[in-house]
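Only one structure is covered here, and it is reproduced in the block below.
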Amino acid sequence: MHDHAHHDRASAGPAPHGSAAPDGQATRTTCHHEATAPPSHASHAHHHGANLGSPMRLATSATIHCLTGCAIGELVGLAIGVSLGIGVWPTMLLATVLAYVSGFSLGLLPLVRRGMSFAQALRTIWLGEAISIGVMEIAMNFTDYHMGGIATASILDPMFWGGFAVALPAGFIAAWPINWWLLRREIKQPCH
């Protein structure tokens with residue numbers, strides 16, 4: 001069920017990712033258009049992703065996409081840190097930084113391929129992705145740390161892979177409700 005009051009409030013002023021058009025009406029940056037006027041009630045169903053499935057399915061898809069990006073950077077960072085023996089905290093920092101890099105890359109790439117400039121694509125996704133990746137990384141690093149995977153001496157140690165394997169669903173479980181909320185509040189766009 002859709003909250004019409006939320007839609008009317010969102011359309012009343014400038015959108016968080018938008019600016020004023022020459023006629024003074026607010027514009028909104030979306031994943032499918034560089035800038036659009038606030039949706040009319042006729043385009044209302046399309047704007048809210050009625051053709052993309054249920055909110056739960058959309059949140060699941062967004063979380064899996066985010067998890068894919070995080071997992072790539074996380075695994076590379078953990079492998080480098082453990083292989084070089086740089087210590088637990090520097091390894092977690094490296095893994096987190098690389099998770100943000102790979103997560104944002106996977107979020108930006110489809111938008112740039114659709115014709116958005118890099119800057120416009122970044123403005124469209126930055127807040128939703130930053131929050132989602134942050135929550136996911138906290139959960140994944142916390143879990144991997146307590147499983148002992150980060151503290152192993154080698155990536156060949158089964159504990160390294162066990163910690164990573166348990167951290168993945170922990171990241172998903174932590175980030176899914178955040179993604180659902182971000183999508184519902186239109187802070188995160190259904191871009192993927």
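Numbers below:
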quantity	calculated
Test: residue in region 129-136 that is surrounded by fewer than 23 Cβ atoms within 10 Å (Cβ to Cβ), touching a residue at least 24 places away in the same chain (Cβ under 8 Å), touching a helix residue (DSSP H, G or I) at 6+ places or on another chain (Cβ under 8 Å) and over 19 Å from Ala174 (Cβ atoms)	no
Only one of Phe160, Phe142 that is surrounded by fewer than 22 Cβ atoms within 10 Å (Cβ to Cβ) and either among the acidic types (Asp, Glu) or at pLDDT 95 or above (or both)	Phe142
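The rows are residues; the columns are (1) surrounded by fewer than 20 Cβ atoms within 10 Å (Cβ to Cβ); (2) among the small types (Gly, Ala, Ser); (3) more than 28 Å from Ala151 (Cα to Cα).
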| site | (1), (2), (3) |
| --- | --- |
| Thr68 | yes, no, no |
| Val82 | no, no, no |
| Trp89 | yes, no, no |
| Leu98 | no, no, no |
| Gly103 | no, yes, no |
| Leu109 | yes, no, yes |
| Arg114 | yes, no, yes |
| Phe118 | yes, no, yes |
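The values are calculated or read from the model by the stated rules, or taken from the named source; none is laboratory data. Treat the numbers as computed from the prediction; the structure is a model and nothing was measured. Methodologically, a virtual Cβ is constructed for each residue, glycine included, from the backbone with ideal geometry; neighbour enumeration extends over all protein chains shown.
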